[in-house]
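Encoded as structure tokens, the structure appears first; notes follow it.
The values are calculated or read from the model by the stated rules, or taken from the named source; none is laboratory data. Predicted model, so just to flag it, every value in this text is computed and none were measured. When we count neighbours, we look across all protein chains shown, and the Cβ atoms used for this are built from the backbone with ideal geometry, even at glycine.
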Amino acid sequence: MDDASAWDLQSDLAIMNPTTPERVLAAARLARIGPDDLVLDLGCGSGSVLALVAGTLGCRGIGIENRPGAVEAARARIEGAGCADRVEVRCQDAAAPVALPAGITVVLCLGSASLFGGTAEAIGAIRRLMPPGGRAILGERYWRTERVPPEFARDFADCLTEYELLTIAREEGFALTGVVRSTEADFDAYEGAIWASCRERLRTDPEDEELRTYLDRIQEEYFGYGRELVGWALYVLDEPW
């Protein structure tokens, strides 16, 4: 299944990652986001995070997303949240955004590290985009143990342990100032919502073998090792003390 189709299966979720609006806001408050901030969201997807953070904390925002359909959805969501006067969404490559304005104070990258080639590369990209005194929130999966069977590790070659993530963040000149970790229940709800979306479409088109194969595969991955070995968290990155 291509990336656009997989994205579409998640497009109605409140947050397109295994976390909750409450956890996103907790991380945003740890990052001290407020009305004076201009937040850059790399790979903003449906715009749900920008709409949530801007609508609740009063910041301004710029979302970068390279899928035209997602851009349209994000703009509609932000309009519906009453934030269109403070938040814009641009159709660009998040790995190489252009003509960004001065004044960005916070960089978000939630579930978008793959756009940069992996979590380590995403941390480096955030560092280059973040101005002096800025903050960032990285949301990504991590290995819950160092003892990951090789056949599983190959499926998520860019996944790090949290110790590896901490080391890379420090090497890039960050201090890790907060973690908001998802629970297994958060992961269950996220995966279950995707399965439900797949099944709803299969009711409409039961001959869609590609979708049926995709559903079988993601369920097997989740119960085979994902639920036991993979976690997801929001990491708040700041300047060193």
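Remarks
- Scanning region 208-241 for residues that are closer than 19 Å to Gly111 by Cβ and aliphatic (A, V, I, L, M) returns Ile218, Leu229, Val230, Ala233, Leu234, Val236, Leu237.
- Residue within region 25-40 that is under 22 Å from Ala193 (Cα atoms) and in contact (Cβ under 8 Å) with a residue 40 or more places away in the chain present: no
- Close pairs from region 107-133: first at negative phi, partner β-branched (Val, Ile, Thr) and in a helix (DSSP H, G or I), Cβ under 6 Å, at least 6 apart: Val107/Ile126; Cys109/Ile126; Leu110/Val49; Ala113/Thr119; Ala120/Ile168; Ile123/Ile168
- Residue that is modelled with the highest pLDDT, among those in region 1-46 that are farther than 27 Å from Leu176 by Cβ and of a type in the set (Gly, Ala, Ser): Ser46
- Test: residue in region 179-187 that is in contact with a helix residue (DSSP H, G or I) (Cβ under 8 Å, 6 or more places away or on another chain) and of a type in the set (Gly, Ala, Ser): yes
- Residue within region 47-55 that is crowded, with 20+ Cβ neighbours inside 10 Å, outside any loop (DSSP other than H, G, I, E, B) and among the hydroxyl-bearing types (Ser, Thr, Tyr) present: yes
- Residue that is nearest to Asp238 (Cα to Cα), among those in region 169-184 that are part of a loop (DSSP other than H, G, I, E, B) and touching a residue at least 40 places away in the same chain (Cβ under 8 Å): Phe174
- All told, Glu72 falls short of being more than 18 Å from Ile137 (Cα to Cα) and part of a strand (DSSP E or B).
- Top-ranked residue in region 210-233 [being of a type in the set (A, V, I, L, M, F, W, C) and surrounded by 14 or more Cβ atoms within 10 Å (Cβ to Cβ); ranked as farthest from Asp186 (Cα to Cα)]: Leu211
- So Val98, is it out of contact with any His (no Cβ under 8 Å at 6 or more places or on another chain) and modelled with pLDDT of 95 or more: no
- Restricting Glu207, Glu171 to those that are within 30 Å of Ala102 (Cβ to Cβ) and loosely packed, with under 13 Cβ neighbours inside 10 Å reduces the list to Glu171.
- Residues of region 10-43 that are in a loop (DSSP other than H, G, I, E, B) and among the hydrophobic types (A, V, I, L, M, F, W, C): Leu13, Ala14, Ile15, Met16, Ala31, Ile33.
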